[in-house]
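Novice: Structure in structure tokens, see below.
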Amino acid sequence: MAAKHCLMVGAGLSGAVIGRALAETGHRIDVIDARAHVAGNCHTERDAETGVMVHVYGPHIFHTDDAEVWAYVNRFMPFRPFVNRVKATTGGAVYSLPVNLHTINQFFGRTLRPDEARAFIEARADLSIADPQSFEEQALRFVGPELYAAFFKGYTTKQWGCSPRDLPASILKRLPVRFSYDDNYFSHRFQGMPEGGYTAMVESILDHPNIAVTLGHEVRREDAAGYDHVFYSGPLDGWFGHDLGRLGYRTLDFERFTANGDWQGCAVMNYCDETVPYTRITEHKHFSPWETHEASVLYREYSRACGPEDIPYYPIRLIDEKELLRRYIARAGAERGVTFVGRLGTYRYLDMDVTIREALDCAQRALGAWERGDPLPAFSAPPI
């Protein structure tokens, strides 16, 4: 098979992982990104004032059950142990998240055992909701009105900019309560942080003689001419110039402030009361607990609708967006020589480990298709 000349639009995880896999099999790869750095939204850099490693676009904690993906990231950057223990301020008190046995006992002023707590919560759940359709119904069905009002209603309203009654139940995918004292926010067996930050990890992935990286350049559709294939990790609607309309996203604004010592005692503090305008405060030196810093840098996060010039974070995927998405999927299916990949290219919220898994699988499918002389699919994974 003759070597292909491929374009990776975007130097985030998708473009880097696919590009590296293809480069290692002899193909020539151009990686181009509109930003001045690689790693996309998981970009990290040292704060000039405090020396703290900052997650510039909000915190990213790596967690997975995929042993191959865990081995892959550690190949390019050693990962240090990190457990995300989120706290929440609501009603003038601080609790642990996700809701667990300690949260329940503290909130209700009880000393319940796991079996007693389960029965206690079930007695408060709205069992009349047999088939929850909205986020609110899902929460009321599983945790009851008190926990819903304290921990979910206000935070969700701020995060999504609408009532939880208008959000699908699927957003609250699993039972949001644990009947044990486990306060590890994630349940995956592999959890950690890259020792030198995510940007250094992605730079290492891209460090190959068959890969050329260009930053600060926005790729247009016509720029793809002349390449054997394009892997596009930008916004799906952006590839078509948004000519059918813009897919909806939420974006984040960050308010930076510094302090001496330890300001909040944890990496993430959620603010669940709707009267507090921000959703959470993150203290970034806690994301690198193996480092020591006297000063601290923190960020208040505010969620709002994403405008044309904003960085998209969370795809909304409500009814109107899904209808528009189907139209763009049809358009993409008629394209030739381009595969849409990653969070933006497939308009899905993806954790980092899933992004890497899909990128590795996409590269292997591409190599197999080229070997057989078959065309590549329009999407690395189905958007719907």
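Derivation of every value follows stated rules applied to the coordinates shown; laboratory data play no part. Bear in mind the structure is a predicted one, so any value in this text is a computation, not a measurement. Cβ placement follows ideal geometry from the backbone for every residue including glycine, while neighbour counts extend to all protein chains displayed.
Novice: Considering every residue within the range 350-371, establish whether at least one is surrounded by 13 or more Cβ atoms within 10 Å (Cβ to Cβ), touching a Lys or Arg at 6+ places or on another chain (Cβ under 7 Å) and over 16 Å from SER233 (Cβ atoms).
Specialist: yes
Novice: Go over the candidates GLU146, GLU137 one by one and state the one that is assigned to a helix (DSSP H, G or I), exposed (fewer than 14 other Cβ atoms within 10 Å of the Cβ), acidic (Asp, Glu) and free of Cβ contacts under 8 Å to residues at least 40 places away in the same chain. First the steps, then the outcome.
Specialist: Values: GLU137 fails: exposed (fewer than 14 other Cβ atoms within 10 Å of the Cβ).
After applying the criteria, what remains is GLU146.
Novice: Taking the range 331-349 on its own, how many of its residues are surrounded by fewer than 21 Cβ atoms within 10 Å (Cβ to Cβ), under 14 Å from the mean Cα position of the chain (by Cα) and of a type in the set (Gly, Ala, Ser)?
Specialist: Of the residues in that region, 0 qualify.
Novice: What helices (runs of 4 or more DSSP H), lying completely within the range 154-259, carry at least 2 residues that are aromatic (Phe, Trp, Tyr) and on the phi < 0 side of the Ramachandran plot? Lay out the reasoning, then the answer.
Specialist: Numbers: elements: 154-160, 198-205, 236-239.
So the answer is 154-160.
Novice: Next question, about the same structure. Of everything in the range 227-284, what is basic (Lys, Arg) and in contact with an Asp or Glu (Cβ under 7 Å, 6 or more places away or on another chain)? Give them in sequence order. Working first, answer last.
Specialist: Just the residues of the range 227-284 that are basic (Lys, Arg), to begin with: 246, 250, 256, 280.
Answer for the range 227-284, where residues must be basic (Lys, Arg) and in contact with an Asp or Glu (Cβ under 7 Å, 6 or more places away or on another chain): ARG246, ARG280.
Novice: Right, another one. Identify all residues within the range 116-134 that are more than 18 Å from LEU167 (Cβ to Cβ) and either surrounded by fewer than 14 Cβ atoms within 10 Å (Cβ to Cβ) or out of contact with any Gly (no Cβ under 6 Å at 6 or more places or on another chain) (or both); write none if there are none.
Specialist: In the first step, residues of the range 116-134 are kept if they are more than 18 Å from LEU167 (Cβ to Cβ); the result is 116-125, 127-128, 130.
Residues satisfying the conditions are GLU116, ALA117, ARG118, ALA119, PHE120, ILE121, GLU122, ALA123, LEU127, SER128, ALA130.
Novice: While we're on this one: Can you name the condition, by its number, that GLU195 falls short on among (1) buried (at least 17 other Cβ atoms within 10 Å of the Cβ); (2) touching a Ser or Thr at 6+ places or on another chain (Cβ under 9 Å); (3) not hydroxyl-bearing (Ser, Thr, Tyr)?
Specialist: With respect to (1) buried (at least 17 other Cβ atoms within 10 Å of the Cβ); (2) touching a Ser or Thr at 6+ places or on another chain (Cβ under 9 Å); (3) not hydroxyl-bearing (Ser, Thr, Tyr), GLU195 is out only on (1).
Novice: Tell me the residue from PHE76, PHE82, PHE62 that is in contact with an Asp or Glu (Cβ under 8 Å, 6 or more places away or on another chain), over 18 Å from PRO312 (Cα atoms) and aromatic (Phe, Trp, Tyr), please. Before you say what the answer is, go through the steps one by one.
Specialist: On the way: PHE76 fails: in contact with an Asp or Glu (Cβ under 8 Å, 6 or more places away or on another chain); PHE82 fails: in contact with an Asp or Glu (Cβ under 8 Å, 6 or more places away or on another chain).
When all the criteria are applied, what remains is PHE62.
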